[in-house]
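A.B. asks: First the structure, then my questions, so here it is.
The values are calculated or read from the model by the stated rules, or taken from the named source; none is laboratory data. Worth saying up front: this structure is predicted, and the values here are computed from it rather than measured. Methodologically, a virtual Cβ is constructed for each residue, glycine included, from the backbone with ideal geometry; neighbour enumeration extends over all protein chains shown. When the accessible area is computed, the model is the full protein with side chains, heavy atoms only, and any ligands, DNA or RNA have been set aside. Shrake-Rupley method; radii C 1.70, N 1.55, O 1.52, S 1.80 Å.
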Amino acid sequence: MDFERVDMREMTEEEMIKAGEMAEIVFKLNHTMPNTDEYNSLLKELLGDNLGENTQIMAPIAGAAFDRLKVGNNVFINSNSLLMARGGITVEDDVMMAANVQLLSNNHDEYDRQVLTCKPIHIKRGAWIGAGASILPGVTIGEYAIVGAGAIVTKDIGDYGVAVGIPAKVVKTLDKDKF
């Protein structure tokens, strides 16, 4: 697993400018009518080639380091998502996320809060993330897995696993032959 420490005091001028530009695009996106050419253009400007086809990300969104967010084809991310992508976030094809989902690939060092500790998040094909769930740094959600509403996921969930609770625990495994 990749692990990175980022000292925010050492951000370059170029990195600061890029972060400001992303924040401006997010602001515009959040104040534009969804599913219009203007909205889709802003989403494409924010994610570039990291945005799959037939994918919808509903406003409002919040987050950071959107250049480290990769979203596959046929993905639906409902409104009010928090996408903290400093550690990297990969969302594969056919994923569904309900409203208020948080993908948090970075955290603050417990002794020096200006240092971010970053680990990638990976949401595999066909996964479904329930409303208000939080996925923490370094977690992989398996293929066709389900994360229940309000769950806080601190450890990997295997393929076809159904996880609920705080912290999330796998309570059953789906029959992969039904997919």
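A.B. asks: Give the residues of segment 119-140 that are in a loop (DSSP other than H, G, I, E, B), more than 15 Å from Asn73 (Cα to Cα) and either of a type outside the set (Lys, Arg) or open to solvent by less than 20 Å² (accessible area, probe 1.4 Å) (or both), sorted by residue number.
C.D. replies: We begin by selecting, within segment 119-140, every residue in a loop (DSSP other than H, G, I, E, B); these are 119-120, 124-127, 130-133, 136-139.
If we keep only those that are more than 15 Å from Asn73 (Cα to Cα) as well, we get 119-120, 130-133, 136-139.
Selection gives Pro120, Gly130, Ala131, Gly132, Ala133, Leu136, Pro137, Gly138, Val139.
A.B. asks: Another question about this same structure. Sort out which residues of segment 109-130 are in contact (Cβ under 8 Å) with a residue 40 or more places away in the chain and among the hydrophobic types (A, V, I, L, M, F, W, C), and write them in order of number.
C.D. replies: Passing the criteria: Val115, Leu116, Cys118.
A.B. asks: Sticking with this structure for a sec: For Asp2, which of the numbered conditions (1) more than 24 Å from Ile123 (Cα to Cα); (2) at pLDDT below 95; (3) charged (D, E, K, R) fails to hold?
C.D. replies: (1)
A.B. asks: Something else: Can you name the number of the only condition in (1) open to solvent by less than 20 Å² (accessible area, probe 1.4 Å); (2) within 29 Å of Thr117 (Cβ to Cβ) that Tyr39 fails?
C.D. replies: Answer for Tyr39: the failing condition is (2).
A.B. asks: Another question, then. Does Ile89 fit the bill of being farther than 20 Å from Val153 by Cα and open to solvent by less than 10 Å² (accessible area, probe 1.4 Å)? Break it down stepwise before answering.
C.D. replies: On the way: farther than 20 Å from Val153 by Cα: no; open to solvent by less than 10 Å² (accessible area, probe 1.4 Å): yes.
Spelling it out, it is not the case that Ile89 is farther than 20 Å from Val153 by Cα and open to solvent by less than 10 Å² (accessible area, probe 1.4 Å).
A.B. asks: Of Lys155, Lys172, which residue is in a strand (DSSP E or B) and of a type in the set (Lys, Arg)? Before the answer, list the steps.
C.D. replies: Details: Lys155 fails: in a strand (DSSP E or B).
Being in a strand (DSSP E or B) and of a type in the set (Lys, Arg) holds for just one of Lys155, Lys172, which is Lys172.
A.B. asks: Another question, then. What residue, of Arg86, Arg113, Arg68, is over 27 Å from Leu174 (Cα atoms) and in contact with a Cys (Cβ under 7 Å, 6 or more places away or on another chain)? Please lay out each step first, then the result.
C.D. replies: Working: Arg113 fails: in contact with a Cys (Cβ under 7 Å, 6 or more places away or on another chain); Arg68 fails: in contact with a Cys (Cβ under 7 Å, 6 or more places away or on another chain).
Only one candidate passes the filter, namely Arg86.
A.B. asks: Select, from Leu116, Leu69, Leu83, the only residue that is open to solvent by less than 20 Å² (accessible area, probe 1.4 Å) and at pLDDT below 95.
C.D. replies: Details: Leu69 fails: at pLDDT below 95; Leu83 fails: at pLDDT below 95.
Step by step, each of Leu116, Leu69, Leu83 is checked, and only Leu116 is open to solvent by less than 20 Å² (accessible area, probe 1.4 Å) and at pLDDT below 95.
A.B. asks: Taking the conditions exactly as written (more than 14 Å from the chain's Cα centre (by Cα) and at positive phi), does Gly148 satisfy them or not?
C.D. replies: Details: more than 14 Å from the chain's Cα centre (by Cα): yes; at positive phi: no.
No; evaluated as a whole, the condition is false for this residue.
A.B. asks: Another question, if that's okay. Kindly state which strands (runs of 3 or more DSSP E) lie completely within segment 1-98 and contain at least 3 residues that are among the small types (Gly, Ala, Ser) and without any contact (Cβ under 8 Å) to a residue 60 or more places away in the chain. Can you show your working first?
C.D. replies: Details: elements: 4-7, 61-64, 69-71, 81-84, 89-91.
Because the criterion is at least 3 residues that are among the small types (Gly, Ala, Ser) and without any contact (Cβ under 8 Å) to a residue 60 or more places away in the chain, the strands (runs of 3 or more DSSP E) in segment 1-98 that meet it are 61-64.
A.B. asks: Filtering segment 153-165 down to residues that are in contact with a Ser or Thr (Cβ under 8 Å, 6 or more places away or on another chain) and crowded, with 16+ Cβ neighbours inside 10 Å, which residue is nearest to Gly132 (Cα to Cα)?
C.D. replies: First pass over segment 153-165, keeping only residues in contact with a Ser or Thr (Cβ under 8 Å, 6 or more places away or on another chain): 153, 156-158, 160-162.
This time we only want the ones that are crowded, with 16+ Cβ neighbours inside 10 Å, so: 153, 156-157, 160-162.
Working: Val153: 11, Asp156: 18, Ile157: 17, Tyr160: 20, Gly161: 18, Val162: 16 Å.
Selected residue: Val153.
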